[in-house]
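What follows is a set of notes on a single structure, which appears directly below.
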Amino acid sequence: MHLSALRALEFDRIVEAVTSVALTPMGAERLQGLAPATEAHAVAHQLAATSETARYLSANGPIPLRASGDLPQVFAALLGMLNSCASGVSVVNIDNGFGAASIASLINHL
């Protein structure tokens, strides 16, 4: 998007307003990097996600999320722990049932 269009839309003020309501330091950092989407499909997808979230929040109220300022260090420590797994150790995300089943099948066939 053209810089003149962003200035006309006062996009910097929008980013500042959204960043001011961030609940975590990492969230504020991500919000400061916002950029407008220009592809129609991406815009439609983001609009649908935003609409769904707005409906959920209006029905259930705000989500009480708070995080300490050392969250990046905690994530770095967790990533280091995962990267240092010994050979033969597998780490699977909690919602990756297929991945867990694949690993279990591989172990069964050893």
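Values in this text are rule-based calculations from the coordinates and carry no lab data. These numbers come from a predicted model, not from an experiment. Ideal geometry is used to build each Cβ from the backbone, glycine not excepted, and the neighbour counts take in all protein chains shown.
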Counting other C-beta atoms within 10 Å, and keeping those with at most 13, which DSSP coil GluC sites (Glu not before Pro) do you find in the stretch 1-109?
Glu10, Glu39
Determine, from the Cβ-Cβ distance of Ala5 and His109 and an R0 of 41 Å, the FRET efficiency 1/(1 + (r/R0)^6), rounded to the nearest 0.05.
0.10
Stretchable slack from Arg30 to Arg13, in nm (0.36 nm times residue separation minus alpha-carbon distance):
4.6 nm
Using a Förster radius of 30 Å, what is the FRET efficiency between Glu39 and Ser84 based on their Cβ-Cβ separation? Nearest 0.05, please.
0.15
